[in-house]
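Notes to accompany the following structure.
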Amino acid sequence: MCLGPSLYGSAIRKPEVLRAAGRYLDIIAINYYSAWTPDQELMTMWARESERPFIITEWYAKGMDSGLPNNSGAGWTVKTQQDRGYFYQNFTLGLLESKSCVGWHWFKYRDNNPLDLSTDPSNRDSNKGIVNWQFEPYFPLLRAMRKININVYHLIEFLTNNKTYI
């Protein structure tokens, strides 16, 4: 199975890029930032133009309560870890509405150590992980993720059978 490179930025809005990718890839990998909720029309275009399913390979929100300054990175900045959880739930429900989305990957597992200056500056000082740099979990985020993840198949069934509620 070939995912190819992750498409991001303006490339995800260009039908010609999706058509070209669809000729060579089995699944289209997308890094999706700058949206609180996935754009249904945009996701429909990805599938239509590529004639392939897609996977969201990067997305996240940063919490201001993490102790990190959150100066770098493309993700949303929210007040709390609970708000990060709400973002996860909202965004995931939007992905589940698309029949072409085959999965998602939160970027990233662990926050970088802000004292380690050898790390990539784009990841050094921001709350992107589901655990901090000392491997301590952000429990409000994890609880919100779990609520969606353990119910994903029931949610897909509901969203499929109840389109009038969306």
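Can you tally the lysine pairs in region 9-165 where the Cα-Cα distance is under 26 Å and the two residues are eight or more apart, or on different chains?
15
Once both labels are modelled 7 Å past Cα along the beta-carbon direction, what's the residue 158-residue 93 spacing in nm?
Computed distance between label sites residue 158 and residue 93 equals 0.8 nm.
Using Cα-Cα distances under 8 Å and only pairs 6 or more residues apart, what relative contact order does the chain have, in percent?
Worked out over the chain, it gives 20 percent.
Report ³J(HN,Hα) in whole Hz for each residue of region 92-99, in order, from the Karplus equation J = 6.51 cos²θ - 1.76 cosθ + 1.60 where θ = phi - 60°; Gly and Pro get x.
With the stated coefficients, region 92-99 comes to 5, 4, x, 5, 5, 5, 7, 6 Hz.
Whole Å is fine, so just give me how far the alpha carbon centre of region 107-166 lies from that of region 35-71.
What the calculation gives is 12 Å, centre to centre.
Could you list which residues have their amide H under 5 Å from that of residue 77, counting only those 5 or more apart in sequence or on another chain, with H placed in the peptide plane?
Amide H to amide H, under 5 Å and 5 or more residues apart or across chains, residue 77 pairs with 62.
Could you tally the net charge around residue 13, taking each other residue with its Cβ under 14 Å from the Cβ of residue 13, Lys/Arg +1 and Asp/Glu -1?
-1
Give me the compactness ratio for region 9-165, meaning the Cα radius of gyration over 2.2 N^0.38 Å.
1.10
Ordered by residue, what ³J(HN,Hα) values in Hz, to whole numbers, does region 57-66 give under the Karplus form 6.51 cos²θ - 1.76 cosθ + 1.60, where θ = phi - 60° and Gly and Pro are x?
Whole-Hz 3J(HN,Hα) from phi for region 57-66: 9, 8, 5, 5, 10, 9, x, 6, 8, 7.
Take the chain, connect every pair of alpha-carbon atoms lying under 10 Å apart with a spring to form a Gaussian network, then pick out the residue of 153, 88, 109 with the largest mean-square fluctuation.
Result: 153 has the largest fluctuation of those listed.
Taking only DSSP H segments of four or more residues, each worth -39500 (n - 2.57), what value at 222 nm results for the chain once the sum is divided by all its residues, to the nearest 500 deg cm²/dmol?
So the calculated ellipticity at 222 nm is -11000 deg cm²/dmol.
What share of the DSSP beta bridges in region 9-165 is antiparallel, in percent to the nearest 5?
10 percent
Read-outs throughout are calculated quantities, based only on the coordinates presented, and are distinct from any laboratory measurement. In this text, all values refer to a predicted model and were calculated from it rather than measured experimentally. Positions of Cβ are backbone-derived with ideal geometry, glycine not excepted, and every protein chain shown enters the neighbour counts.
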